Amino acid sequence: MPRVCRVVAIWGLMLLPAARADAQSTLPDAASRAKQALLAHDAQALVGQSSNLLLQIPGADPSSPLGRAQAVELLGRYLRGAEERGLDITVIREVEPGKGFVELTRRYVVSGTAEVRRETLFLGYRLESKEWRLAELRSAP
């Protein structure tokens, strides 16, 4: 491979992470990442870089925000006993500058059962350092 081609290829690879980071700075991108994390039961990816998170899910006290590690643990427990059957993003909205809202409809079965259950997940986001970070997650049957 000629030297010029190698240099161009290396520059392209170096710029790829920066372009990917910019591409993820929109609320729809944050919603898509949340959906993928939920489908994979990846609580760490769902929480992302959020330092505090208000959770209103079974097994969590919604009275005050939780630290990152505790939120990851509780979300992991919450997701562990379920098998996903579907997850749809139904609403993505910036409610005011720097504050966003995402609604997802989740279909799942409890492991070992066949009954499909439904719930709505409400995710609240804040724009911090040009990145949408999860600030709140609420579950409603």
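FYI, it's all coordinate maths here, none of it is from the lab. Here the structure is a predicted model, which means the values were calculated and not measured. Here the Cβ positions follow ideal geometry from the backbone for every residue, glycine too, while neighbour counts run over all protein chains shown.
Quick look at the values:
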{"read-out": "Sole residue being over 14 Å from Glu131 (Cβ atoms), touching a strand residue (DSSP E or B) at 6+ places or on another chain (Cβ under 6 Å) and of a type outside the set (D, E, K, R), chosen from Leu87, Leu27, Leu46", "value": "Leu87"}
{"read-out": "Filtered residues of segment 90-108 (kept if within 19 Å of Arg133 (Cβ to Cβ) and surrounded by fewer than 16 Cβ atoms within 10 Å (Cβ to Cβ))", "value": "Val91, Arg93, Glu94, Val95, Glu96, Pro97, Gly98, Lys99"}
{"read-out": "Test: residue in segment 64-83 that is in a loop (DSSP other than H, G, I, E, B), among the small types (Gly, Ala, Ser) and within 18 Å of Thr26 (Cα to Cα)", "value": "no"}
{"read-out": "Residue match in segment 111-119 (condition: under 17 Å from the mean Cα position of the chain (by Cα) and without any contact (Cβ under 8 Å) to a residue 40 or more places away in the chain)", "value": "yes"}
